[in-house]
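Peer 1: The structure's right below; bear with me while I get my questions together.
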Amino acid sequence: MQPVTRRVAVLGATGSIGDSALDVIARHPDRFRATVLSANEKVDDLIELCRRFRPDAAVIADESKFATLRDGLRGAGLATHAHAGTQALSDLAGSDHCDTVIAAIVGAAGLNSTLAAARAGKRILLANKEAVVVAGALLMHEVAAHGAEIVPIDSEHNAIFQCLPHPALGAAARPGVRRLLLTASGGPFRGWDRARLAAVTPEQACAHPNWSMGRKISVDSATLMNKGLEVIEAHWLFAAAPERIEVVVHPQSIVHSLVEYTDGSVLAQLGNPDMRTALAHGLAWPERIEAGVAPLDLTALGRLDFQPPDLTAFPCLDLAFRALRAGPAASTVLNAANEIAVSAFLQRRAAFLAIPDLIAACLDALAAERAESLEELLALDARARQVAEARLAA
Ligand code: NDP
């Protein structure tokens with residue numbers, strides 16, 4: 001039987017996940033067509049991708065780059081329509097140009113387009129974990145209400161999705177499932193104490209030992225906030241109570257995560273650390289396709305190690321658990337403060353150890369706020385960013 005051609009919107013096409021997604025799409029021209037591509041400001045890279053993939057539409061979020069995009073596409077003789085701005089991202093994510101949306105924009109900036117895809121009943125390949133952290137309840141509600149599908153792309157959640165009984169979304173609350181075990185590489189500073197962490201640079205923080213990723217998630221991995229965001233993501237995707245989510249440091253990043261059942265069985269998903277596995281899984285699900293990923297050679301690896309996380313040197317993981325227990329608004333505050341803190345660290349305006357301090361201060365100031373609707377959540381996100389910027393400037 002001829003496979004169905006999926007029309008795929010790759011939001012965040014110029015990023016690390018976008019690159020891996022387009023690699024998988026290019027391997028299967030009979031199955032997938034990239035119909036919408038987007039970037040924030042890398043307009044030349046976006047035009048180059050359009051030359052290669054010939055999408056129906058290209059969106060540049062930074063509206064000041066619209067003319068460059070339009071003229072570049074025309075100059076290349078492409079029929080691709082140029083669009084600009086965040087509203088265009090949401091409009092296209094919910095449009096008939098696509099049936100599948102790869103949500104690979106970094107940060108809360110990806111929330112509106114992810115929600116638009118959910119409201120239009122699309123299959124969402126969800127990499128943009130910040131969208132779930134900011135508005136998990138709302139996103140899961142929209143997915144259920146509009147018959148959308150989520151296949152998680154974060155390797156840990158993709159592993160859990162594969163290890164849970166189907167339908168996997170919400171399945172951790174079912175009888176028989178005891179715990180979700182999220183693995184963490186420990187990042188580039190695993191084993192370091194606070195004294196050593198005081199002077200780390202953005203270059204050191206972005207040099208992840210196992211994964212090649214964008215700068216923001218690389219810093220999140222180095223602080224362990226990435227795992228904290230993933231704990232909150234797992235809570236919403238799989239309906240797992242905080243006390244039933246455990247983080248285990250696994251330096252080799254081969255076991256991507258595990259599900260423990262009440263009979264003592266523990267199911268794990270293993271593979272080389274390459275995001276194309278999760279992307280190929282999400283694109284073809286429930287089928288399996290070639291992803292270009294090297295086969296796993298267990299005897300060459302020899303051993304797999306596991307250890308508890310060091311919460312004294314890396315307090316961000318604890319802060320995320322604190323926010324999750326405090327309620328949805330606190331997670332919104334946590335994410336906003338983290339985005340500001342990481343950006344300041346990357347611009348050398350804040351030290352590495354100032355990241356958890358700033359987040360803790362914002363949680364102290366705003367964790368008791370209430371926010372449920374999208375408008376309330378976005379207003380709280382904006383307030384938390386203001387509080388964080390004010391503290392940085394003080
Ligand atoms: P990158 O920084 O490599 O790419 C981010 C993409 O989003 C780029 O296309 C960028 O455009 C675009 N973008 C940035 N800001 C905006 C904005 N304000 N509006 C619209 N588009 C924007 O990030 P990654 O690919 O590493 O990560 C993307 C998401 O996937 C993150 O949420 C991350 O946590 C998650 N993720 C990533 C993994 C990885 O291996 N990289 C693994 C698991 C999850 P431009 O290039 O023009 O700046």
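Peer 1: Quick test of your reading of the structure: His208 fulfils all but one of (1) at pLDDT 95 or above; (2) out of contact with any strand residue (DSSP E or B) (no Cβ under 6 Å at 6 or more places or on another chain); (3) within 14 Å of the ligand (Cβ to nearest atom). Name the failing condition by number.
Peer 2: His208 satisfies all of (1) at pLDDT 95 or above; (2) out of contact with any strand residue (DSSP E or B) (no Cβ under 6 Å at 6 or more places or on another chain); (3) within 14 Å of the ligand (Cβ to nearest atom) except (1).
Peer 1: Can you report the number of residues in the range 247-267 which are within 19 Å of Val151 (Cβ to Cβ) and surrounded by fewer than 18 Cβ atoms within 10 Å (Cβ to Cβ)?
Peer 2: So the answer is 1.
Peer 1: Mind listing whichever residues of the range 368-386 are open to solvent by 40 Å² or more (accessible area, probe 1.4 Å), in a helix (DSSP H, G or I) and of a type in the set (A, V, I, L, M)?
Peer 2: Leu378, Ala379, Ala382
Peer 1: Starting from the range 14-37, keep only residues that are closer than 20 Å to His81 by Cα and free of Cβ contacts under 8 Å to residues at least 60 places away in the same chain, then list their pairs with residues that are near the ligand (Cβ under 9 Å from one of its atoms) and open to solvent by 40 Å² or more (accessible area, probe 1.4 Å) whose Cβ atoms are within a distance under 7 Å, requiring at least 6 positions of separation or different chains.
Peer 2: Thr14/Lys42; Thr14/Asp45
Peer 1: Considering (1) part of a strand (DSSP E or B); (2) touching a residue at least 40 places away in the same chain (Cβ under 8 Å); (3) surrounded by fewer than 24 Cβ atoms within 10 Å (Cβ to Cβ), say which one Val106 fails and leave the rest.
Peer 2: (1)
Peer 1: Same structure again: Can you tell me which of Ala159, Ala131, Ala117 is in contact with a strand residue (DSSP E or B) (Cβ under 8 Å, 6 or more places away or on another chain), under 23 Å from Ala82 (Cβ atoms) and assigned to a helix (DSSP H, G or I)?
Peer 2: Unique residue meeting the criteria: Ala117.
Peer 1: Give me the pairs, please: first residue somewhere in the range 146-159 and within 7 Å of Ala278 (Cβ to Cβ) and open to solvent by 10 Å² or more (accessible area, probe 1.4 Å), second residue anywhere and outside any strand (DSSP E or B) and at pLDDT 95 or above, beta-carbon distance under 7 Å, and either six or more positions apart or on two chains.
Peer 2: Pairs that qualify, where the first residue is within 7 Å of Ala278 (Cβ to Cβ) and open to solvent by 10 Å² or more (accessible area, probe 1.4 Å) and the partner is outside any strand (DSSP E or B) and at pLDDT 95 or above, are Ser155/Met275; Ser155/Ala278.
Peer 1: Quick one: which of Ser257, Ser253 is touching a residue at least 60 places away in the same chain (Cβ under 8 Å), part of a loop (DSSP other than H, G, I, E, B) and within 16 Å of the ligand (Cβ to nearest atom)? If you could, list the steps in order and put the result at the bottom.
Peer 2: On the way: Ser257 fails: part of a loop (DSSP other than H, G, I, E, B).
On inspection, the qualifying residue turns out to be Ser253.
Peer 1: Residue under question is Ser221, and the condition is that it be within 16 Å of the chain's Cα centre (by Cα) and not acidic (Asp, Glu); does it hold?
Peer 2: Yes: the conditions hold for Ser221.
Peer 1: Select from the range 237-246 the residues that are under 20 Å from Asp220 (Cβ atoms) and surrounded by fewer than 24 Cβ atoms within 10 Å (Cβ to Cβ) and list them in ascending order.
Peer 2: Going residue by residue through the range 237-246, those that are under 20 Å from Asp220 (Cβ atoms) are 237, 242, 245-246.
Within the range 237-246, Pro242, Ile245, Glu246 qualify.
Peer 1: I would also like to ask the following. Would you confirm whether any residue within the range 60-81 is in contact with a Lys or Arg (Cβ under 7 Å, 6 or more places away or on another chain) and farther than 26 Å from Ile124 by Cβ?
Peer 2: Yes, the range 60-81 contains at least one residue that is in contact with a Lys or Arg (Cβ under 7 Å, 6 or more places away or on another chain) and farther than 26 Å from Ile124 by Cβ.
Peer 1: Tell me which residues, restricted to the range 76-95, are under 19 Å from Glu48 (Cβ atoms) and open to solvent by 70 Å² or more (accessible area, probe 1.4 Å).
Peer 2: Result: Ala79, His81.
Peer 1: Next up: Could you please give the count of residues in the range 306-333 that are of a type outside the set (A, V, I, L, M) and open to solvent by less than 40 Å² (accessible area, probe 1.4 Å)?
Peer 2: The qualifying residues number 8.
Peer 1: Let me ask you something else. Report whether or not Ala241 is more than 10 Å from the ligand (Cβ to nearest atom) and out of contact with any strand residue (DSSP E or B) (no Cβ under 9 Å at 6 or more places or on another chain).
Peer 2: yes
Peer 1: Among the candidates Met225, Met275, Met213, which residue alone is open to solvent by less than 10 Å² (accessible area, probe 1.4 Å), within 16 Å of the ligand (Cβ to nearest atom) and over 12 Å from Leu180 (Cβ atoms)?
Peer 2: Just one listed residue meets the conditions, Met225.
Peer 1: Here is a list: Ala278, Ala337, Ala268. Which entry is touching a residue at least 24 places away in the same chain (Cβ under 8 Å), within 20 Å of the chain's Cα centre (by Cα) and either in a strand (DSSP E or B) or within 21 Å of Ala382 (Cα to Cα) (or both)?
Peer 2: None of the others qualify; the one that does is Ala337.
Peer 1: Could we say that Val177 is over 29 Å from Lys42 (Cβ atoms), away from the ligand (no atom under 14 Å from the Cβ) and surrounded by 23 or more Cβ atoms within 10 Å (Cβ to Cβ) here?
Peer 2: No; evaluated as a whole, the condition is false for this residue.
Peer 1: Further question: Looking at Arg33, Arg52, Arg7, Arg74, which is the one that is touching an Asp or Glu at 6+ places or on another chain (Cβ under 6 Å) and more than 9 Å from the ligand (Cβ to nearest atom)?
Peer 2: Among Arg33, Arg52, Arg7, Arg74, only Arg7 is touching an Asp or Glu at 6+ places or on another chain (Cβ under 6 Å) and more than 9 Å from the ligand (Cβ to nearest atom).
Peer 1: Do any helices (runs of 4 or more DSSP H) lying entirely in the range 1-85 carry at least 2 residues that are among the polar types (S, T, N, Q) and within 30 Å of Asp274 (Cα to Cα), and which ones are they?
Peer 2: 16-27
The values are calculated or read from the model by the stated rules, or taken from the named source; none is laboratory data. On a predicted model such as this, the values are computed, not experimentally measured, just so you know. Every residue, glycine as well, gets a Cβ built from its backbone with ideal geometry; the counts of neighbours run over all protein chains shown. Quick note on the areas: whole protein, heavy atoms, side chains included, nothing else; ligands and nucleic acids left out. Shrake-Rupley method; radii C 1.70, N 1.55, O 1.52, S 1.80 Å.
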